[in-house]
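The values are calculated or read from the model by the stated rules, or taken from the named source; none is laboratory data. Keep in mind the model is a prediction, meaning the values are calculated, not measured. Methodologically, a virtual Cβ is constructed for each residue, glycine included, from the backbone with ideal geometry; neighbour enumeration extends over all protein chains shown. Note: accessible area is taken over every heavy atom of the protein model, side chains too, but ligands, DNA and RNA are not part of it. Shrake-Rupley method; radii C 1.70, N 1.55, O 1.52, S 1.80 Å.
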Amino acid sequence: MDPWHSLSKWFNNVGDDSNTTPYATAHGMPFFKYAGNEPRLNHLFNEAMASDARLVMTVLIQNGKGLIFEGLKSLVDVGGGTGTIAKAIADAFPQINCTVFDLPHVIEEHEGSKNLSFVGGDMFIKR
Ligand SMILES: C[S@@+](CC[C@H](N)C(=O)[O-])C[C@H]1O[C@@H](n2cnc3c(N)ncnc32)[C@H](O)[C@@H]1O
C-alpha cells in the first residue's frame, strides 16, 4: 500500500531522478532493485510471474505450433523471469535455442539445458 499512499508526493515531484515511480518514492528505489535485496519478495514476484506464464504458454504452444515458431532457430526472452516461457518453448521445439535474459538475482538459481540458457544482466546497461 505504501506506493499508493505516495502517489501525491510522486506526482508533485515528477522529474526528480529518485522519484521515477510511486514505488521508488515510497521505498527509495525502483521495485526490481528492492526485490533484489529482499529474497522473499523476489521469490513471491517471480512465482507470480511464472504462474501467469504457465497459463499463457499452454494455450500458445497448443495453438501456435506451426504459426509462430516455424523456421525459428533461436530466441531471447528479455525480462524472461525464471524461464517458464522459454523452457516451454525449448521443450516443445528442440530445434530452437532459447535464452532467458533477466536480472542476476532472478536467474541465479536456474540452470539451463541442451537448448535453454540463462544470462544475467541489466537490459538498460551496455556491457
Ligand atoms: C512483468 S515481469 C515478466 C516476467 C516473465 N516475462 C514472465 O512472464 O514470467 C518483468 C521481468 O523483467 C525483469 N526486469 C526488470 N528490469 C530489468 C532489467 N533492467 N534488466 C533485465 N530484466 C529486467 C524482471 O526481473 C521481471 O522478471
Non-local amide H neighbours of Asn97 (under 5 Å, H modeled in plane, Pro and chain starts lacking H): which ones? Ser74, Leu75
Apply the Karplus parameterisation 6.51 cos²θ - 1.76 cosθ + 1.60, with θ equal to phi minus 60°, to every residue of segment 16-25 and state each ³J(HN,Hα) to the nearest whole Hz, in sequence, with x for glycine and proline. 7, 4, 8, 10, 5, 9, x, 5, 5, 4
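Based on Cβ point charges of +1 for Lys and Arg and -1 for Asp and Glu, what charge dipole magnitude is obtained for the chain about its Cα centre, in debye rounded to the nearest 20?
300 debye
Using the Kirkwood radius built from alpha carbon pairs, what does the Stokes-Einstein equation give as D for the chain at 20 °C and 1.002 mPa s, in µm² per second?
Calculated translational D: 130 µm²/s.
Write down the percent of antiparallel bridges among all DSSP beta bridges whose residues are both part of the chain, to the nearest 5.
10 percent
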Proximal charge balance of Phe101 [Cβ under 15 Å; K/R count +1, D/E count -1]: -1
FRET efficiency, Met29 to Ser74 (Cβ-Cβ, R0 30 Å, nearest 0.05): 0.30
Select from Ile89, Ile107, Ile68 the residue whose mean-square fluctuation is largest in a Gaussian network model of the chain (Cα-Cα springs shorter than 10 Å). Ile68
Quick one: with all protein chains in place, what share of the accessible area of the chain is carbon or sulfur, to the nearest percent (1.4 Å probe)? 58 percent
Would you mind checking which residues have amide H under 5 Å from Phe118's amide H? H placed 1.01 Å from N; only 5 or more apart, or other chain. Val100, Gly112
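Taking the solvent-accessible surface of protein heavy atoms with a 1.4 Å probe, what is the per residue accessible area of segment 1-125 in Å²?
67 Å²
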For helix 39-68, what angle does its Cα long axis make with the longest principal axis of the chain, in degrees from 0 to 90 and rounded to 10? 40 degrees
Return the single residue from Leu75, Leu67, Leu41 with maximal mean-square fluctuation; model: Gaussian network over the chain, springs between Cα atoms under 10 Å. Leu67
